[in-house]
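Engineer: One structure, pasted below without further comment.
Every read-out reported here was derived from the displayed coordinates using simple, explicitly stated rules and does not represent laboratory data. The structure presented is a predicted model; accordingly, all values stated were derived computationally and were not measured. In this analysis, Cβ positions are derived from the backbone assuming ideal geometry, glycine residues included, and neighbour counts consider all displayed protein chains.
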Amino acid sequence: MSDFDVDLFVIGAGSGGVRAARIAAGHGAKVMIAEEFRVGGTCVIRGCVPKKLLVYASRFADEFHDAAGFGWSVGETTFDWPTLIANKDREIDRLESAYVANLERSNVKIVRSRAVLEDAHRVRLLATGQIVRAKHILIATGGWPHPGADIAGLEHVISSNEVFHLKELPRRILIQGGGYIAVEFAGIFRGLGSEVTLVYRGDNILRGFDEDVRAHLRGEMEKRGITILTRRLVEAVEKVDHGLCVSLSDHEQVIVDQVMFATGRRPNVSGLGLDKAGVQLDDKGAIKVDRFSRTSVRHIYAVGDVTDRVNLTPVAIREGHAFADTVFGGKEIVVDHSDIPTAVFSEPEVGVIGLTEAEARHRYARVDIYKTSFRSMKMTLAARDTRSFFKIIVDGETDRVLGCHIVGPEAGEMIQLVGIAIKMNATKADFDRVMAVHPTAAEELVTMRTKAATYIREAAE
Ligand code: NDP
């Protein structure tokens, strides 16, 4: 008999773990996967998928409003939060069932239990106490919302875990944070009719994004009535008669019905027994891995947010797939983490790939910038004061497109396609050779001819 019960034990049935389990099983491995909560992980259960459904819901208000300019009279509209949440839950249940069915069809054994490492080859299932001996182990436990500082009244604050299950739509909500989740939920709640205050500790939202994108999005969010308070922190939250009183670091107080912190996520490693197995963490608490997602222990691997590389679902899926192909499929695959397109489902949407202007100017001797801001066609009859923004960053020496940044409707859809061109090392001349599709917003990508600026780096002494 083999010394092992399984070839692969996966801890965590989220995007990365599920993909790895299915591909490994497809290569003939005997695979077991443990999940302590729900199969599907953050993305499916309380992340990307339910969030996007809420984003869709939030956009109807604009459509009803804008319809008038096109001759429609839309009667009185009402919105019912419990209906949205119930329908969203039904869809999430359906997706979870599909994930389970796919795993079972791939001959992966699912165990509904928290799993912890006993040593480098043995995993304990807490639900039954059973010990499973595994030849290889994959840790795919994702991340967990982190509330930042331990302020007074933190028990009144919700995170992105709870926001999907609120009993009612808050009339007034304060969101702390300036990243993906904060700006996305600010747009969702505003679209659904809430008064929204966003509190961010830095100068402007979406740190790390191109400065023009940050400025444009902030302006558009403010035009929609979202109050953005920067260089401030939430210092305390207190329950009062008519809601929650939020004290800010500038001594202002804001009364709201709900407070949500979207202050980042941390790798989910607590209590996993990593020390017993000898798996090392980096200085930020993420599992240290090499380019094959291998940890400090030869036969233990980790993928996705628990490794804090690029915390996005498609990246976790790629990492899980590459791990399974490498270890069980006899093909060494290294995931390319460069030039990853990403979208922020804010209102308006943001889609970006590649370098920001600041990064390009830091790395390249000569950088050409093309950018435009315009009112899209639909907004004219809608009489809506909103503008889209497009920016292309080009290596002035080779003409290669280094980055593309879009703010506006369907930016996420557009950037996926721009990503193909950028991964193929397209030049600005390649973009220009493409005939425009008229009338669209995306045609700006192939019609921007006038440089907004050229930056030439001074040669180092
Ligand atoms: P982000 O890391 O994007 O943003 C965290 C925000 O919280 C930053 O603005 C940060 O400020 C601020 N912050 C951090 N610590 C504190 C603190 N102690 N006090 C006050 N503010 C603080 O995390 P999110 O929570 O928004 O999202 C988590 C991850 O999920 C992201 O990394 C993203 O990759 C992923 N995600 C992706 C989505 C998508 O692809 N559309 C959607 C949602 C999430 P500062 O900028 O100063 O550090």
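Engineer: Putting +1 on Lys and Arg Cβ atoms and -1 on Asp and Glu Cβ atoms, find which of I139, L154, N107 reaches farthest to the positive end of the dipole of segment 107-154.
Structural biologist: Going by the charge dipole, the pick is N107.
Engineer: While we're here: Taking 1 over the mean of 1/r across every pair of different Cα atoms in segment 288-382, what Kirkwood radius in Å do you get?
Structural biologist: 16.6 Å
Engineer: If the cut-off is a Cα-Cα distance under 19 Å, which lysines reach K223, setting aside same-chain residues fewer than 8 apart in sequence?
Structural biologist: Straight-distance partners of K223: K378.
Engineer: Throw me the Rg/Rh for segment 392-433, computed over C-alpha atoms with Kirkwood Rh, two decimals.
Structural biologist: On the Cα set of segment 392-433, Rg over Rh gives 0.98.
Engineer: A further question on this structure: Report the normalised scattering of segment 177-241 as log10 I(q)/I(0) at q = 0.24 Å⁻¹, calculated by the Debye formula with identical scatterers on the alpha carbons.
Structural biologist: Calculated log10 I(q)/I(0) at the listed q: -1.07.
Engineer: For segment 134-284, take N as its residue count and report Rg(C-alpha) divided by 2.2 N^0.38 Å.
Structural biologist: 1.19
Engineer: Over segment 293-408, what is the mean sequence separation of C-alpha contacts under 8 Å (at least six apart), divided by residue count, expressed as relative contact order in percent?
Structural biologist: 19 percent
Engineer: How much of the calculated P(r) for the chain lies past 35 Å, in percent of all Cα pairs?
Structural biologist: Tail of the P(r) past 35 Å holds 40 percent of the pairs.
Engineer: Here's another thing I want to ask about it. What is the magnitude of the charge dipole of the chain about its Cα centre, with +1 placed on the Cβ of each Lys and Arg, -1 on the Cβ of each Asp and Glu, and no other charges, expressed in debye to the nearest 20?
Structural biologist: Here the chain has a charge dipole of around 900 debye.
Engineer: Another question about this same structure. Using Stokes-Einstein with the Kirkwood hydrodynamic radius over Cα pairs, what translational diffusion coefficient do you get for segment 4-163 at 37 °C and a viscosity of 0.692 mPa s, in µm²/s rounded to a whole number?
Structural biologist: Translational diffusion coefficient: 178 µm²/s.
Engineer: Moving to a separate point now. At 0.36 nm per residue, and after removing the present C-alpha to C-alpha distance, how many nm does the segment from H299 to K378 gain when stretched out fully?
Structural biologist: Result: 22.9 nm gained on full extension.
Engineer: Compute the distance in nm between two label points, each set 7 Å from the Cα along the Cα-to-Cβ direction, one at F37 and one at E443.
Structural biologist: Taking the two extended label points, one gets 4.6 nm.
Engineer: Would you calculate a helix-derived [θ] at 222 nm for the chain, using -39,500 (n - 2.57) for each DSSP H run of n ≥ 4 and dividing by the full residue count, to the nearest 500?
Structural biologist: Value at 222 nm, helices only: -9500 deg cm²/dmol.
Engineer: Further question: Could you point to the residue in V394, I11, H216 farthest towards the positive end of the chain's charge dipole, with +1 and -1 charges on the Cβ of Lys/Arg and Asp/Glu respectively?
Structural biologist: I11
Engineer: For R457 and E252 in the same chain, what is the full-extension length gain: residue separation times 0.36 nm, less their Cα-Cα distance, in nm?
Structural biologist: Length difference between fully extended and current span is 69.4 nm.
Engineer: For the chain, what is the percent of antiparallel DSSP beta bridges, rounded to the nearest 5?
Structural biologist: 60 percent
Engineer: For the chain, which longest stretch is free of loop sites, where a loop site is one of the chymotrypsin sites (Phe, Trp or Tyr not before Pro) that DSSP puts outside H, G, I, E and B and that has at most 16 other Cβ atoms within 10 Å?
Structural biologist: Maximal segment without exposed cleavage sites: 80-291.
Engineer: Can you return the lysines within cross-link range of K288? Criterion is Cα-Cα under 25 Å, with same-chain partners fewer than 8 residues away left out.
Structural biologist: Partners found: K135, K276, K331.
Engineer: Modelling each spin label as a point 7 Å along the Cα-to-Cβ direction, I'd like the E359/H337 distance in nm, to one decimal.
Structural biologist: Distance between the two pseudo-spin positions: 1.2 nm.
Engineer: Report the local net charge at I151: Lys and Arg +1, Asp and Glu -1, summed over other residues whose C-beta lies under 11 Å from its C-beta.
Structural biologist: After counting each charged neighbour, the total is -4.
Engineer: For a label point 7 Å from the Cα of W81 along Cα→C-beta, name the residues of segment 43-65 whose backbone N is under 14 Å from it.
Structural biologist: Counting only backbone N, you get 58.
Engineer: Within segment 116-213, which GluC sites (Glu not before Pro) sit in a loop by DSSP and count at most 11 neighbouring Cβ atoms inside 10 Å?
Structural biologist: E168
Engineer: Assigning unit charges at the beta carbon (Lys, Arg +1; Asp, Glu -1) and nothing else, what dipole magnitude in debye, to the nearest 20, does segment 161-245 show about its Cα centre?
Structural biologist: 120 debye
Engineer: Additional query: For segment 426-443, what does the Karplus curve 6.51 cos²θ - 1.76 cosθ + 1.60, with θ = phi - 60°, yield as ³J(HN,Hα) per residue in whole Hz, taken in order and with x for Gly and Pro?
Structural biologist: Listing the rounded values in order: 4, 9, 4, 4, 4, 4, 5, 6, 7, 5, 5, 9, 10, x, 9, 7, 5, 4 Hz.
Engineer: With θ set to phi - 60°, apply the Karplus curve 6.51 cos²θ - 1.76 cosθ + 1.60 along segment 290-296 and write out the HN-Hα couplings as whole Hz, x wherever there is a Gly or Pro.
Structural biologist: Couplings: 8, 6, 9, 6, 8, 7, 5 Hz.
Engineer: First check a/c for segment 328-461, with a ≥ b ≥ c the square roots of the eigenvalues of its C-alpha gyration tensor; if it is under 1.5, answer rounded, and if not, answer prolate when a/b is larger than b/c or oblate otherwise.
Structural biologist: oblate
Engineer: Provide the descending list of Cα extents for segment 12-76 along its principal axes, expressed in whole angstroms.
Structural biologist: Reported extents, whole Å, longest axis first: 61, 24, 13.
Engineer: Which order do D257, D336 fall in if you start with the one that has the fewest other Cβ atoms within 10 Å?
Structural biologist: Placing the least packed residue first, the sequence is D336, D257.
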